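First the structure, in the form of structure tokens, and then the observations on it.
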Amino acid sequence: MPHDSTIPVSDLIRSRVRDVPDFPKPGIVFKDITPLLGDREAFGAAVRQLTEPFRDAGVDRVLGLEARGFIFGAPVALALGAGFVPARKPGKLPSETLGQAYDLEYGTATVEIHSDAIPRGGRVLVVDDVLATGGTGRAAVDLVRRAGGTVVGFSVLMELSVLAGREKLSDVELHTLLSV
Ligand code: AMP
């Protein structure tokens with residue numbers, strides 16, 4: 001059903017993100033984007049808004065972070081006339097990889113891309129669904145730079161402002177659709 005066009009797009013997007021308390025573990029409020037994905041108007045609006053500020057930024061590649069960054073990053077790439085680069089958890093990419101480790105609350109995690117995924121000097125937009133502590137985004141930005149690319153921005157659906165992830169990305173043009 002088409003939504004009431006008097007409702008601001010940000011409210012439409014916000015209304016399609018479901019809070020799931022205590023998932024995947026107690027104390028975490030998981031931001032479930034599946035209602036948004038199922039609503040073509042809200043999904044389309046989200047992709048358009050993630051894309052908009054970077055239309056004229058000469059983006060060569062959109063890098064999407066596994067896994068929900070793939071869902072948003074791929075249509076953003078097509079909208080920008082750019083290619084898509086999946087950034088994956090270790091051991092998933094079949095060819096030679098470049099990895100970047102980052103700290104979690106307990107332990108570390110790593111993101112990987114294929115070593116040849118970014119052309120030298122290529123202009124890269126990073127896309128994800130949620131910016132929480134900023135560790136994943138920071139690692140992605142560092143990885144792109146180590147691979148020889150230029151980060152033109154980081155476009156993310158939702159920022160969990162209490163976790164102050166944007167402080168870790170102060171050297172990047174950060175675009176968030178919602179701050180919650
Ligand atoms: P961080 O590295 O802390 O910024 O976490 C960002 C990554 O974890 C993103 O790829 C998100 O998809 C995921 N994430 C972190 N917190 C949440 C949350 N509350 N709900 C959904 N996804 C989350």
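A few comments on the model shown:
- Kyte-Doolittle mean at least 1.0 and Cα axial length at least 18 Å: DSSP H helices in the chain: 68-80
- For the pair segment 54-132 and segment 1-41, the centres of their Cα atoms are 23 angstrom apart.
- Per-residue ellipticity at 222 nm, computed for the chain from helices alone with -39500 (n - 2.57) per DSSP H run of at least four residues, works out to -7500 deg cm²/dmol.
- Highest-MSF residue in the chain out of G69, G91, G165 [GNM, Cα springs under 10 Å]: G91
- Theoretical FRET efficiency, 1/(1+(r/R0)^6), r = Cβ-Cβ of T6 and I28, R0 35 Å, to 0.05: 0.55
- Around V85: net Lys/Arg minus Asp/Glu count, Cβ-Cβ under 15 Å: +1
- Antiparallel bridges, percent of DSSP beta bridges restricted to the chain (to nearest 5): 35
- Extension gain from S115 to T150, taking 0.36 nm per residue of separation minus the Cα-Cα distance: 11.1 nm
- Leading residue at positive end of dipole, segment 23-180 (Cβ point charges), from L37, G165, G122: G122
- For V156, net neighbour charge (Lys/Arg +1, Asp/Glu -1) across residues whose Cβ lies under 9 Å away: -3
- When +1 charges are put on Lys and Arg Cβ atoms and -1 charges on Asp and Glu Cβ atoms, the dipole computed for the chain relative to its Cα centre reaches about 280 debye.
- Cα lying deepest toward the dipole's positive end in segment 13-160, options G81, V151, G134, charges on Cβ: G81
Coordinate-derived values only; no laboratory data. Keep in mind that what you see is a predicted model, and the values were worked out from it rather than measured. Note that we place each Cβ from the backbone using ideal geometry, even for glycine, and neighbour counts take in every protein chain shown.
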